[in-house]
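Here the structure comes first, spelled out in structure tokens, and everything after it is commentary.
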Amino acid sequence: MFLKLKNCHNIKDFRKLAKQRIPSPLFHYIDGGSDDEFTLNRNTEAFNKCSLIPNVLAGIKKVDLSCTLFGTKMDMPFFFSPTAMQRLFHHDGEKAVARVADREGLMVGVSTIGTVSIEELANITKCPKIFQLYIHKDKALTYDLINRVKAANYNAIALTVDTVVGGNRERDLYTGMTTPPKLTLKSLLSFAAHPEWTLNYIFRKKFELAQVKDYIKQGSDITSSIVDYINDQMEPSVSWDDAKDAIKKWDGPFALKGIASVEDAKKAVDIGATAIMISNHGGRQLDGSVSPFDILPEIVDAVGDKLEIILDGGIRRGTHILKALSLGAKACSGGRIYLYALAGGGEKGVQRIVTKLKEELNRDMMLMGCDSIKKLNKKNIKFI
């Protein structure tokens, strides 16, 4: 059945719409994980191991969803996690996502492997921004990116620490996914079956990796798989000293993205990080690794009073966010939740999923008998 944007009410609907609107290699790049995709699936399933405990007759008239993260106020405790190559999924890419963040008072993540430049996004939107940094083999490139982000007045940097090598993303091997996309026998029929996407790709602004195109031809002018790009360009021996050096050079709010153990969370505190994003790269790296929600309570107990904790990944419902906040997360972030919407409906799609998520959060807080997310705590949770 042909699905329309107006009939999308949850992330499952937006996933179906994305599958309908974009070529198969691109859909499976968004949708897939590594190896057997155990971790990809566990990231969401983990939320089912506990229940919310509501309180009734609370007399609530208005709910406060606002929170402060990286010293910046947001209108709800969720932001757009940085994701790569967004203009592959819709020709407006990061610009569409940032405009929604602007209207909704959210923070937007901007990737090193993004397709709209650091500077352009700073010029067209005023929303808070966090830049996702990788440590490249070319350290001069890494430091130049930090300087550009600082000049553009971004609010924070998140250093991704879980991609020393690219994960085994087998769906991309089957579909022939590359950046930029290329026509192969595997993908030809899928591109032909999506003429609107194909015409936009051909006739609109040239696809390129906007942050690094002046330094690296791979991924912009030279076709590459994303895993090959990671393996060729990123520093595999990145260390805690590298992270500490990046924190010093940035000299502002700084998160480590990809923390998944208590020991590493403590080290993040020791080197001066102000936040951590508990993440496994959306189940796209080490399959079988712990889900963010499963490890969240242990990390909160260890360092929750020393830095801001963000749960990244697996979010599909407002109740997932409430569970994470109840266990001590300061906020949540996600990628697929808005990439499906971007691929399926562009800016209007992203706006609709954010509106739906905000409606869910307001409704769920009312049903919980709680008028502020700041009042959520472990008493709201019962493990099954």
In the stretch 95-108, residues that are among the hydrophobic types (A, V, I, L, M, F, W, C), in a helix (DSSP H, G or I) and either over 17 Å from ILE30 (Cβ atoms) or without any contact (Cβ under 8 Å) to a residue 24 or more places away in the chain (or both) total 3
Can you tell me which of (1) touching a helix residue (DSSP H, G or I) at 6+ places or on another chain (Cβ under 6 Å); (2) assigned to a helix (DSSP H, G or I); (3) surrounded by fewer than 20 Cβ atoms within 10 Å (Cβ to Cβ) is the one VAL227 doesn't meet? (1)
Could you tell me which of the residues ARG42, ARG21, ARG15 is more than 25 Å from GLN132 (Cβ to Cβ), buried (at least 19 other Cβ atoms within 10 Å of the Cβ) and among the charged types (D, E, K, R)? ARG21
Tally the residues that are over 25 Å from MET368 (Cβ atoms), in contact with an Asp or Glu (Cβ under 9 Å, 6 or more places away or on another chain) and small (Gly, Ala, Ser), restricting the search to the stretch 17-53. 4
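This table checks each residue for (1) closer than 30 Å to ASN200 by Cα; (2) of a type outside the set (A, V, I, L, M); (3) in contact with a Lys or Arg (Cβ under 6 Å, 6 or more places away or on another chain).
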{"site": "LYS348", "(1), (2), (3)": "yes, yes, no"}
{"site": "ILE353", "(1), (2), (3)": "yes, no, no"}
{"site": "ARG363", "(1), (2), (3)": "no, yes, no"}
{"site": "CYS370", "(1), (2), (3)": "no, yes, no"}
{"site": "ILE373", "(1), (2), (3)": "no, no, no"}
{"site": "LYS382", "(1), (2), (3)": "no, yes, no"}
For the stretch 59-93, give me the residue count where each residue is buried (at least 22 other Cβ atoms within 10 Å of the Cβ), more than 20 Å from PHE131 (Cβ to Cβ) and in contact with a Gly (Cβ under 6 Å, 6 or more places away or on another chain). 1
Only one residue in LEU311, LEU357, LEU342, LEU296 is buried (at least 19 other Cβ atoms within 10 Å of the Cβ) and not in a helix (DSSP H, G or I), so which one is that? LEU311
Quick count over the stretch 217-240, residues being at pLDDT below 90 and either at positive phi or among the aromatic types (Phe, Trp, Tyr) (or both), is 2
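Yes or no, residue by residue, for (1) at pLDDT 95 or above; (2) in a loop (DSSP other than H, G, I, E, B); (3) within 23 Å of the chain's Cα centre (by Cα):
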residue: VAL110; (1), (2), (3): yes, no, yes
residue: LEU121; (1), (2), (3): yes, no, yes
residue: ASN147; (1), (2), (3): yes, no, yes
residue: TYR174; (1), (2), (3): no, no, no
residue: PRO181; (1), (2), (3): no, yes, yes
residue: SER190; (1), (2), (3): no, no, no
residue: PHE207; (1), (2), (3): no, yes, yes
residue: TYR215; (1), (2), (3): no, yes, no
Out of LEU121, LEU52, which single residue is buried (at least 19 other Cβ atoms within 10 Å of the Cβ) and touching a helix residue (DSSP H, G or I) at 6+ places or on another chain (Cβ under 8 Å)? LEU121
Are any residues in the stretch 8-62 closer than 19 Å to GLN86 by Cβ and among the aliphatic types (A, V, I, L, M), and if so, which ones? ILE11, LEU17, ALA18, ILE22, LEU26, ILE30
Got at least one residue in the stretch 183-191 being closer than 26 Å to ALA275 by Cβ and touching a residue at least 40 places away in the same chain (Cβ under 8 Å)? no
Failed item, numbered, when GLY166 is tested on (1) farther than 17 Å from GLY335 by Cα; (2) among the small types (Gly, Ala, Ser); (3) assigned to a helix (DSSP H, G or I): (3)
Restricting attention to strands (runs of 3 or more DSSP E) lying wholly within the stretch 19-94, give those where 3 or more residues are closer than 17 Å to VAL354 by Cβ and in contact (Cβ under 8 Å) with a residue 24 or more places away in the chain. 78-80
Subset of the stretch 149-163 [under 14 Å from ILE135 (Cβ atoms), of a type in the set (A, V, I, L, M, F, W, C) and not in a loop (DSSP other than H, G, I, E, B)]: ILE157, ALA158, LEU159
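The values are calculated or read from the model by the stated rules, or taken from the named source; none is laboratory data. Quick caveat, the model's predicted, so the values are computed rather than measured. Because the Cβ atoms are built from the backbone with ideal geometry, glycine has one as well, and the counts that use them run over all protein chains shown.
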